[in-house]
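Working notes for the structure below.
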Amino acid sequence: MTISRNNAVGLGKLMCSVTEELLWQPAASWIRGRSPGGSLHCRVGSGQATYHRYDPQTRQHQITYGVRMIMAKQQAESAIGWLSSREILQRGYFGGELTTLNLLAHTCCHEFAHLLQHSAGKRFHGSVHNRHFYEILDQLHESGGAEATRDYLTELARQQGLPLPHEPIEIVQPQQLAADWQVGDAVHFGHGQTQHQGKIIRVNRKTCTVAGTGPSRGLRYRVPVSLLVTPNS
């Protein structure tokens, strides 16, 4: 399923509401006990970057949900490349069922787990997705917090009339995707200022080696097959 950018922005705003109202409020007193005056601001970013950040000067946590991330999690080809997809499948979150609804609800939990991890002093340089992080994320799911997040997101989307698919996403294996490409195929990948173009010079099991053309001439990239697009698509 594809989704318009406006609808993706709308879903991003709902994810912000869910994070601020459902996840932050019950934990705020504990967080402020460790960092007095702490606050949270959630926003929808224009790209795909989705992250938690903390400003020690203002003691403000910020969570950004990228609009392109939301759009990518509508389709199997682009959804499977995200860590949130692998977490749902490998750790059995939401029964291991991959849907757009589950992905977006889990993304709220994932980023809020980073906030809790930071507040607990368990986020270290070069060790972000560590065992402390997954202990927190597991607890969010085991305690029913993730289910409540999903239910609240569902209800808000219904009230706003925004599409939020809950049908299972059919997983496309990388080997299947790789079979769609041949040496010499023209491709592009990335978005906006980070978009590159080139020609495939080698097809691997899960990636393709691409020689840059145009502004990217002289460069080589090893690109996951799920991120490759033909120029006219």
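Under 29 Å between alpha carbons, and skipping anything fewer than 8 positions from residue 122 in its own chain: which lysines qualify?
Residue 122 reaches 13, 73.
Using a 4.7 Å cut-off between beta carbons, which cysteines in the chain end up with no partner cysteine at all?
Lacking a cysteine Cβ partner under 4.7 Å: 108, 109, 208.
Taking the C-alpha atoms of region 1-67, how large are the radius of gyration and the largest Cα-Cα span, Dmax, in Å?
My reading of the Cα-based Rg and Dmax gives 13.5, 44 Å.
Sort 58, 149, 207 so that the residue with the fewest other Cβ atoms within 10 Å of its own Cβ comes first and the one with the most comes last.
Placing the least packed residue first, the sequence is 58, 207, 149.
Where is the GNM fluctuation largest for the chain (alpha-carbon springs, 10 angstrom cutoff): 47, 66, 12?
47
Which FRET efficiency value, to the nearest 0.05, is calculated for residue 32 and residue 58 with the Förster distance at 22 angstrom and r the Cβ-Cβ distance?
Efficiency, rounded to the nearest 0.05: 0.95.
Let me spell out the model: positive unit charges on the Cβ of Lys and Arg, negative unit charges on the Cβ of Asp and Glu, origin at the Cα centre of the chain. What dipole size does that give, in debye rounded to 20? All intermediate terms of the calculation are to be shown ahead of the outcome.
Details: 23 positive and 17 negative charges, 207 e Å.
Charge dipole of the chain: 1000 debye, to the nearest 20.
Using a 10 angstrom cutoff on alpha carbons, build the Gaussian network for the chain and name the most mobile of 215, 26, 168.
Of 215, 26, 168, the Gaussian network model singles out 215 as fluctuating most.
Once the dipole of region 54-213 is set up with Lys and Arg at +1 and Asp and Glu at -1 on Cβ about the Cα centre, which of 148, 189, 168 lies farthest towards its positive end?
Working it through, the farthest residue towards the positive pole turns out to be 189.
Work out from phi, with θ = phi - 60° and the Karplus expression 6.51 cos²θ - 1.76 cosθ + 1.60, the ³J(HN,Hα) of each residue of region 89-99, listed in order in whole Hz, and give x for Gly and Pro.
Per-residue couplings from phi come out as 6, 7, 9, x, 5, 6, x, x, 8, 9, 9 Hz.
Express as a percent, rounded to the nearest 5, the fraction of DSSP beta bridges in the chain (both residues included) that run antiparallel.
75 percent
Using +1 on the beta carbon of Lys and Arg, -1 on that of Asp and Glu, and nothing else charged, what's the dipole of region 1-112 about the Cα centre, debye to 20? Don't jump to the answer; show the numbers that get you there.
Values: 11 positive and 7 negative charges, 51 e Å.
Its charge dipole is roughly 240 debye.
Just from its helices, what would the mean residue ellipticity at 222 nm be for the chain, if runs of 4 or more DSSP H residues each count -39500 (n - 2.57) and the sum is divided by every residue, rounded to the nearest 500 deg cm²/dmol?
-12500 deg cm²/dmol
Using only the alpha carbons of the chain, what is the convex hull's orientation-averaged projected area in square nanometres?
13.9 nm²
Of the DSSP beta bridges with both residues in region 28-70, give the percent that are antiparallel, rounding to the nearest 5.
Of all bridge pairs located within region 28-70, approximately 40 percent are antiparallel.
Let me know the shape class of region 43-120, please: from the alpha-carbon gyration tensor, a ≥ b ≥ c as square roots of the eigenvalues, rounded when a/c is under 1.5, otherwise prolate if a/b is greater than b/c, or oblate. Before the final figure, lay out the partial values.
Details: a/c = 3.02, a/b = 1.54, b/c = 1.97.
Judged from the Cα gyration tensor, region 43-120 comes out oblate (a/c at least 1.5, b/c at or above a/b).
Under 10 Å, Cα contacts only: if you run a Gaussian network model on the chain, which one of 70, 80, 136 comes out with the highest mean-square fluctuation?
136
Give me the percent of DSSP beta bridges within region 15-120 that run antiparallel, rounded to the nearest 5.
Beta bridges within region 15-120, antiparallel portion: roughly 40 percent.
Which ordering of 97, 170 is given by a fewest-first count of other beta-carbon atoms within 10 Å? Mind dumping the intermediate values first?
On the way: 97 15, 170 7.
The fewest-first ordering by Cβ neighbours comes to 170, 97.
Could you tell me which of 90, 110, 37 has its Cα farthest along the dipole of region 1-126 towards the positive end, charges placed at Cβ (Lys, Arg +1; Asp, Glu -1), taken about the Cα centre?
37
Only the coordinates and a few stated rules stand behind these numbers; no lab work does. Quick caveat, the model's predicted, so the values are computed rather than measured. Positions of Cβ are backbone-derived with ideal geometry, glycine not excepted, and every protein chain shown enters the neighbour counts.
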